[in-house]
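The values are calculated or read from the model by the stated rules, or taken from the named source; none is laboratory data. Not measured: the values here are computed from a predicted model. Here the Cβ is made from the backbone with ideal geometry for all residues, glycine too, and neighbour counts use every protein chain on show. When the accessible area is computed, the model is the full protein with side chains, heavy atoms only, and any ligands, DNA or RNA have been set aside. Shrake-Rupley method; radii C 1.70, N 1.55, O 1.52, S 1.80 Å.
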Amino acid sequence: MTATVVSHENAVTPEAESIPTRNPHRSPVNPYVRMIAVRFAQMIPTAVIASFLTFALVRIIPGGPAEALLGPNGSDESIAALNERLGLNQPLLVQYWNWVVSALHGDLGTSLQNSAPVGPQIFARLPASAELVVLALLLSAVVAIPLGVWTATRQGRRSDGLTRTISGIGLAVPDFFLAIVLVDVFALGLGVLPVLGWVPLGDDVIANLSHLVLPATALAAGAASIAVRQTRAAMIETLSGDYVRTARAMGIDERKIVWRYALRNIVPTIVTVYGLLAVAMLGATVILEQIFVLPGLGSALVIAIDTRDYPMLQGIVLLFVVIVLLVNILVDIVNNMISPQLRKGTIS
């Protein structure tokens, strides 16, 4: 009876089909283009505020690049002369404005440690961090999404309780501690994986993955624990919906209901969760790259803070901010594309 009513409601007569419909309030601009333009417009003030806060806060750190470069034996006169040569004696707003103008022209400054341009050094380190985060996201997704869906269908059983217990342990164990354990077991103990270092992907794919599998696993463990719980909760809510009960009453195979219909409805939740996890992983690379001696942005950030290399520090933080904002925009775009409402042209 229900199926008959639905088919009548969705029936469209030839006459109605031939009548063109038009929304008078719809903008002639493609809604996806408009949404992307709005997101990028919102991105500009966020990047400016974040960069200025970073610019100001790093100068509050005791000491400075002049003291770091000259060492403990540097006199007050030599420190003052070096600060003047570096432009660090100018007012903060003047320094920030000069940096912004140079950055808009593609010049992020010169490293105070090696006198080399900051931009090429940052982008040379980007592949190591990017590969680490991407591999960790893939490992997490491959484990967490199927496991979260499966445990949702076994709510209240022993397997569900065991999965929640393991995910709770994964949330409680810090990434850096798990990384040390993995190194001790698989690298030092069994000797099946290299301990430290990194090989570029273009040089040797196998060597590249063998150097990244341990840090990626340590990074993925906590993310998988979060993703399992979020996927499970979203799937349980979806499986309790009216349309699922109707599908079961119609005799549709349970696996088809779960893995085709219900899973498709929680995709926006999964995309949002992994967008947040990608941002969190980017921050976690700061510690893991130090443990595994990876030449990424995280290790470069630690060195820049330690040596008070302001241009390098500001360039890395600016790139982090841009990456975070781009990830948020990408999540919005994907969620809008897979939302049924947005296929009608009502993009939020």
- line: Per the list (1) free of Cβ contacts under 8 Å to residues at least 12 places away in the same chain; (2) of a type in the set (A, V, I, L, M); (3) more than 13 Å from Leu219 (Cβ to Cβ), residue check on Leu126 breaks on (1)
statement: Only one of Ile60, Ile145 is among the hydrophobic types (A, V, I, L, M, F, W, C) and crowded, with 18+ Cβ neighbours inside 10 Å, namely Ile145
- request: Considering (1) free of Cβ contacts under 8 Å to residues at least 60 places away in the same chain; (2) of a type in the set (Phe, Trp, Tyr); (3) more than 30 Å from Gly241 (Cα to Cα), say which one Phe176 fails and leave the rest.
  value: (1)
- request: Look through the range 226-237, keep the residues that are over 30 Å from Leu319 (Cβ atoms) and hydrophobic (A, V, I, L, M, F, W, C), and return whichever of them is surrounded by the fewest Cβ atoms within 10 Å (Cβ to Cβ).
  value: Ala233
task: Starting from the range 253-266, take each residue that is over 20 Å from Gln230 (Cβ atoms) and list its partners that are open to solvent by 40 Å² or more (accessible area, probe 1.4 Å) and in a helix (DSSP H, G or I), counting only C-beta distances under 8 angstrom and pairs at least six apart or across chains.
output: Glu254/Arg248; Ile257/Arg248
message: Can you find a residue that is open to solvent by less than 50 Å² (accessible area, probe 1.4 Å) and in a helix (DSSP H, G or I) anywhere in the range 105-116?
response: no
message: Of the conditions (1) touching a residue at least 24 places away in the same chain (Cβ under 8 Å); (2) outside any helix (DSSP H, G or I), Arg154 satisfies every one except a single condition; which number is it?
response: (1)
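Quick check on the range 167-182. Is at least one of its residues over 20 Å from Leu137 (Cβ atoms), aliphatic (A, V, I, L, M), open to solvent by 40 Å² or more (accessible area, probe 1.4 Å) and touching a helix residue (DSSP H, G or I) at 6+ places or on another chain (Cβ under 6 Å)?
Taking the range 167-182 first, the residues over 20 Å from Leu137 (Cβ atoms) are 168-169, 172, 177, 180-181.
Next cut, aliphatic (A, V, I, L, M) only: 169, 172, 180-181.
Now narrow it down to the ones that are open to solvent by 40 Å² or more (accessible area, probe 1.4 Å): 169, 172, 180-181.
Next cut, touching a helix residue (DSSP H, G or I) at 6+ places or on another chain (Cβ under 6 Å) only: none.
Scanning the range 167-182, I find no residue that is over 20 Å from Leu137 (Cβ atoms), aliphatic (A, V, I, L, M), open to solvent by 40 Å² or more (accessible area, probe 1.4 Å) and touching a helix residue (DSSP H, G or I) at 6+ places or on another chain (Cβ under 6 Å), so the answer is no.
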query: Name the residues in the range 238-248 that are in contact with a helix residue (DSSP H, G or I) (Cβ under 8 Å, 6 or more places away or on another chain), open to solvent by 80 Å² or more (accessible area, probe 1.4 Å) and not hydroxyl-bearing (Ser, Thr, Tyr), would you?
result: Arg248
query: Taking only pairs six or more apart or across chains, which ones have beta-carbon atoms under 7 Å, a first residue in the range 234-251 that is under 14 Å from Thr153 (Cα atoms), and a second residue that is in a loop (DSSP other than H, G, I, E, B)?
result: Ala234/Ile266; Met235/Ile266; Ile236/Gln155; Thr238/Ile266
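The rows are residues; the columns are (1) more than 23 Å from Leu196 (Cβ to Cβ); (2) in a helix (DSSP H, G or I); (3) open to solvent by 60 Å² or more (accessible area, probe 1.4 Å).
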site: Arg255; (1), (2), (3): yes, yes, yes
site: Val258; (1), (2), (3): yes, yes, no
site: Val271; (1), (2), (3): yes, yes, no
site: Ala284; (1), (2), (3): no, yes, no
site: Gly298; (1), (2), (3): no, yes, no
site: Val317; (1), (2), (3): yes, yes, no
- prompt: Any idea which of (1) part of a loop (DSSP other than H, G, I, E, B); (2) within 26 Å of Trp259 (Cβ to Cβ) is the one Ser167 doesn't satisfy?
  reply: (1)
task: Name the residue, out of Thr153, Thr217, Thr163, that is open to solvent by less than 70 Å² (accessible area, probe 1.4 Å) and under 21 Å from the mean Cα position of the chain (by Cα).
output: Thr217
